[in-house]
Amino acid sequence: MRKADIANLLYERHGIPKREAAAMVELMLDEIKECLARSEEVKIAGFGNFSVRQKRARKGRNPKTGEEIGIAPRKVVTFRASPVFKSSVLKARPTA
């Protein structure tokens, strides 16, 4: 699913004009990005939590040469799905 698909759903299900729906989606995603850039946690009830985590420096290995290299510390964005979200996804799985 893309941003345009979400905006289209807002148009189809709620009658919000396409241009406004696209602007709403963009605004929401921009706000989430800005909060994460400030290292704030974003909690969306029934969906999950986005947070920024600091990873420490570590040793890695070049897969081609096998040479050991240093990996610098960095920040990463993490997502933890809520129990409600997890259960809805697991229920939606087709059985084999």
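What follows draws every value from the coordinates through simple rules; no lab data is involved. On a predicted model such as this, the values are computed, not experimentally measured, just so you know. In this analysis, Cβ positions are derived from the backbone assuming ideal geometry, glycine residues included, and neighbour counts consider all displayed protein chains.
Among 3/91; 59/91; 64/86; 3/86, which pairs are too far apart, with a Cα-Cα distance over 30 Å?
Listed pairs above 30 Å: 59/91; 64/86.
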Per-pair calculated FRET efficiency, R0 = 25 Å: residue 12 and residue 41 via Cβ, rounded to 0.05: 0.20
Ranked 27, 9, criterion: other C-beta atoms within 10 Å, fewest first: 27, 9
Computed Kirkwood radius, in angstrom, where 1/r is averaged over Cα pairs of the chain: 16.9
Formal net charge of residues neighbouring residue 59 (Cβ-Cβ distance under 12 Å; K, R +1; D, E -1): +1
Residue (of 35, 62, 14) at the positive-pole extreme of the chain, dipole from beta-carbon charges: 62
In the chain, the chymotrypsin sites (Phe, Trp or Tyr not before Pro) that fall in loop regions by DSSP, at most 14 other Cβ within 10 Å: 47
Most mobile listed residue (51, 82, 39) in the chain, GNM with C-alpha springs under 10 Å: 82
Sparse-neighbourhood loop sites, trypsin sites (Lys or Arg not before Pro) in the chain - DSSP loop, at most 10 other Cβ within 10 angstrom: 2, 38, 56, 64
Environment charge at residue 48 (Cβ cut-off 9 Å; Lys +1, Arg +1, Asp -1, Glu -1): +3
Test item: Cα-centred dipole of the chain, Lys/Arg +1 and Asp/Glu -1 on Cβ, debye: 600
Helix axis angle, 3-14 relative to the chain longest principal axis, alpha carbon, degrees: 30
Angle between the chain longest axis and helix 18-37 axis [Cα atoms, degrees, rounded to 10]: 30
Rg and Dmax of the stretch 1-55, Cα atoms only, in Å: 13.5, 44
